[in-house]
Structures are given as structure tokens and as C-alpha cells.
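The values are calculated or read from the model by the stated rules, or taken from the named source; none is laboratory data. Predicted model, so just to flag it, every value in this text is computed and none were measured. The accessibility values were calculated without ligands, DNA or RNA, using every heavy atom of the protein model including side chains. Shrake-Rupley method; radii C 1.70, N 1.55, O 1.52, S 1.80 Å.
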Amino acid sequence: MVAYLLTGLSVLVAGVIHWSAPRAFWRATLTSTGTILLLSVAALFIFQSSGLLISEETGESADITSSLLVVTALVTFFGFLISVFVGWFLRTIRS
């Protein structure tokens with residue numbers, strides 16, 4: 001459930017930023033990647049503190065602080081991919 005919420009939020013953020021800056025493709029891509037990264041990491045900490053991140057194996061709250069560097073790298077990579085694809089899609093639709 002959390003992954004779907006974060007993906008939807010990422011697509012929405014990338015779409016809004018690319019729609020408002022159609023001529024500056026790479027600037028909009030980097031801006032939306034940074035925004036996605038900040039929102040995703042903040043949302044993960046919010047979900048963890050509210051108890052939504054529960055391990056299926058142990059039934060305990062998941063600890064993401066030990067693997068924060070890996071999570072940040074993956075969110076940055078996927079945020080960049082989402083930004084490029086949404087920007088390319090909007091660029092194609094507009095022309």
C-alpha cells in the first residue's frame with residue numbers, strides 16, 4: 001500500500017513540475033527528482049512513526065534507519081526515472 005501511495009505521489013509531483021516548466025526539461029527533471037526524494041523519505045518516516053510499516057515476517061514495526069542510504073539511493077534512481085518518463089510523455093502530448 002505504501003509503495004502505491006509513494007508512486008502516485010511521485011507521478012503527480014513530476015507531472016505538475018513538468019507541466020509548469022515545459023521548456024526546461026532537464027531542470028524540471030532534476031527539480032522533480034529532488035522533490036520526490038524529499039517527499040518520499042519524509043513519508044517513509046511518517047509511515048514508520050504511525051505504524052504503517054509493519055514487517056510481515058515478525059509483525060513488528062520496520063526499522064528503516066539502518067538502511068537509509070540504500071533507500072535514499074533507490075528512491076533517487078526511481079524518482080529520476082519517473083521524472084524523465086513523465087516529462088517525456090508530457091512533452092510528446094503537448095507537441
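General observations
- The GNM of the chain, with springs linking C-alpha atoms under 10 angstrom apart, assigns the highest mean-square fluctuation among T76, T29, T58 to T58.
- Just so you know, the averaged projected area of the alpha carbon convex hull for the chain sits at 6.3 nm².
- Only helices enter this figure: runs of n ≥ 4 DSSP H residues, each worth -39500 (n - 2.57), summed and divided by the residues of the chain, yield -26500 deg cm²/dmol at 222 nm to the nearest 500.
- Solvent-accessible area per residue for the range 1-94 (1.4 angstrom probe, square angstrom): 68 Å²
- Sequentially through the range 32-46, phi angles give Karplus couplings (6.51, -1.76, 1.60; θ = phi - 60°) of 5, 5, x, 5, 4, 4, 5, 5, 5, 5, 4, 5, 4, 5, 5 Hz, Gly and Pro residues having no value and appearing as x.
- Here's how it looks for I54: its modeled amide H is under 5 Å from those of A62, which are all 5 or more places away or on a different chain.
- GNM top mover of G79, G15, G59 - the chain, alpha-carbon springs below 10 Å: G59
- Rounded to the nearest 10 degrees, the angle from helix 2-20 to the longest Cα principal axis of the chain is 20 degrees.
- The chain: relative contact order in percent, alpha carbon pairs under 8 Å with at least 6 residues between: 41 percent
- Vicinal HN-Hα couplings computed from phi for the range 25-30 (Karplus, 6.51 cos²θ - 1.76 cosθ + 1.60; Hz; Gly/Pro x): 4, 6, 5, 5, 5, 5
- Springs join every pair of Cα atoms under 10 Å in this Gaussian network model of the chain, and among I36, I54, I82 the largest mean-square fluctuation is at I54.
- Of all accessible heavy-atom area on the chain, the percent that carbon and sulfur account for (1.4 Å): 72 percent
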